[in-house]
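K.L.:
For reference, the structure I am asking about is given below.
The values are calculated or read from the model by the stated rules, or taken from the named source; none is laboratory data. None of the values given here were measured: they were computed from a predicted structure. Here the Cβ positions follow ideal geometry from the backbone for every residue, glycine too, while neighbour counts run over all protein chains shown. These area figures cover heavy atoms from the full protein model, side chains too; ligands, DNA and RNA do not enter into them. Shrake-Rupley method; radii C 1.70, N 1.55, O 1.52, S 1.80 Å.
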Amino acid sequence: MGKITIAIDGYSSTGKSTIAKKLANALNYIYVDTGAMYRAVTLHALNKSYVGSEEDLPSLIADLPNIDLKFVPNPKLGMSEMFLNGNNVEKEIRAMEVSRHVSKVATIPEVRHKLVEMQQQMGKEKGLVMDGRDIGTVVFPDAELKIYMTASPKARATRRYKELLDRGEIVSYEEVLENVQKRDFIDSTREVSPLRKADDAIEFDNSDMGLEEQFERVYASAQQVIENQT
């Protein structure tokens, strides 16, 4: 069967990464978490004090050539982990502090240009599942299958809140909900590559949908498209 490119876009905490990983494993495709890439740049910016209580975005932009990002396979976990300048930052990039600033960093045109270029290089050979905010609209507008995932802010905040508590972070539900809503606004209204549903994307509202039901529907869609490639 011919390999295809699968683009999964949508709001934060809709379970895009979970579905994308599961789908890539089922199809024996490569999985790329573009959110991890933006989070790693944000972590770098926080570490260098380019963002935070004060902002020095020109310095971040000037420093972009010095930011090296790599996905390194971890056989024990059965997944790849994000390395920033040679260091494993998979845990650090999931912290709430990074979540507070990642949408802001993702609005910077120079950051998006750098990462989109990297993402397009990764997908040249197809056989790839990539999730993010602008995969089906900007990174791979010709992707054979595009999925757009959404859910209510409250449902997404509940999922994110539980995830953070499970990792040992001390946060309130109200703080998480506010962060989800703020990120929605920034992601949807930014000038460069705003989050939007591609005209030919299949939409899944998973507010009241379990993981297995979501996966079965997405997997069936992928199988149908793949079969049509032969």
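K.L.:
Let me confirm something: among GLY132, GLY127, which residue is buried (at least 18 other Cβ atoms within 10 Å of the Cβ) and either over 22 Å from VAL72 (Cβ atoms) or modelled with pLDDT under 95 (or both)? It would help to see each step written out before you state the result.
P.N.:
Working: GLY127 fails: buried (at least 18 other Cβ atoms within 10 Å of the Cβ).
Checking each option against the conditions leaves just GLY132.
K.L.:
For region 164-204, give me the residue count where each residue is open to solvent by 70 Å² or more (accessible area, probe 1.4 Å) and closer than 22 Å to ARG94 by Cβ.
P.N.:
Qualifying residue count, region 164-204: 9.
K.L.:
Sticking with this structure for a sec: Condition first: more than 18 Å from LYS48 (Cα to Cα) and of a type outside the set (Ser, Thr, Tyr). Now tell me which residues in region 70-89 satisfy that.
P.N.:
Our first condition is that a residue be more than 18 Å from LYS48 (Cα to Cα); within region 70-89, this holds for 70-82.
Answer for region 70-89, where residues must be more than 18 Å from LYS48 (Cα to Cα) and of a type outside the set (Ser, Thr, Tyr): LYS70, PHE71, VAL72, PRO73, ASN74, PRO75, LYS76, LEU77, GLY78, MET79, GLU81, MET82.
K.L.:
Can we say VAL111 is surrounded by 15 or more Cβ atoms within 10 Å (Cβ to Cβ) and either farther than 25 Å from THR189 by Cβ or touching a Pro at 6+ places or on another chain (Cβ under 7 Å) (or both)? Before the answer, list the steps.
P.N.:
Numbers: surrounded by 15 or more Cβ atoms within 10 Å (Cβ to Cβ): yes; either farther than 25 Å from THR189 by Cβ or touching a Pro at 6+ places or on another chain (Cβ under 7 Å) (or both): no.
Considered against the rule, which asks whether it is surrounded by 15 or more Cβ atoms within 10 Å (Cβ to Cβ) and either farther than 25 Å from THR189 by Cβ or touching a Pro at 6+ places or on another chain (Cβ under 7 Å) (or both), VAL111 comes out as no.
K.L.:
A further question follows. Hey, among the residues in region 1-52 that are touching a helix residue (DSSP H, G or I) at 6+ places or on another chain (Cβ under 6 Å) and of a type in the set (Lys, Arg), which one's nearest to ARG100 (Cα to Cα)?
P.N.:
By that ranking, first place goes to ARG39.
K.L.:
Residues being under 17 Å from the mean Cα position of the chain (by Cα) and exposed (fewer than 15 other Cβ atoms within 10 Å of the Cβ): count how many of those fall in region 149-163.
P.N.:
1
K.L.:
Among the residues of region 96-108, are any out of contact with any Leu (no Cβ under 8 Å at 6 or more places or on another chain), aliphatic (A, V, I, L, M) and either at pLDDT 95 or above or surrounded by 21 or more Cβ atoms within 10 Å (Cβ to Cβ) (or both)?
P.N.:
Looking only at region 96-108, we keep the residues that are out of contact with any Leu (no Cβ under 8 Å at 6 or more places or on another chain), and these are 99-100, 102-104, 106-107.
Those still in the list that are aliphatic (A, V, I, L, M) too: 102, 106.
Now narrow it down to the ones that are either at pLDDT 95 or above or surrounded by 21 or more Cβ atoms within 10 Å (Cβ to Cβ) (or both): 102, 106.
Yes, region 96-108 contains at least one residue that is out of contact with any Leu (no Cβ under 8 Å at 6 or more places or on another chain), aliphatic (A, V, I, L, M) and either at pLDDT 95 or above or surrounded by 21 or more Cβ atoms within 10 Å (Cβ to Cβ) (or both).
K.L.:
Right, here's the next one. In region 126-182, what residues are in a loop (DSSP other than H, G, I, E, B), of a type in the set (D, E, K, R) and within 15 Å of TYR11 (Cβ to Cβ)? Write out each step before concluding.
P.N.:
Taking region 126-182 first, the residues in a loop (DSSP other than H, G, I, E, B) are 126-127, 133-134, 140-144, 151-152, 167-172.
Okay, now just the ones that are also of a type in the set (D, E, K, R), so 126, 133-134, 142, 144, 167, 169.
Those that are in a loop (DSSP other than H, G, I, E, B), of a type in the set (D, E, K, R) and within 15 Å of TYR11 (Cβ to Cβ): ARG133, ASP134.
K.L.:
What's the number of the only condition in (1) assigned to a helix (DSSP H, G or I); (2) polar (S, T, N, Q); (3) touching an Asp or Glu at 6+ places or on another chain (Cβ under 8 Å) that SER49 fails to meet?
P.N.:
Failing condition for SER49: (1).
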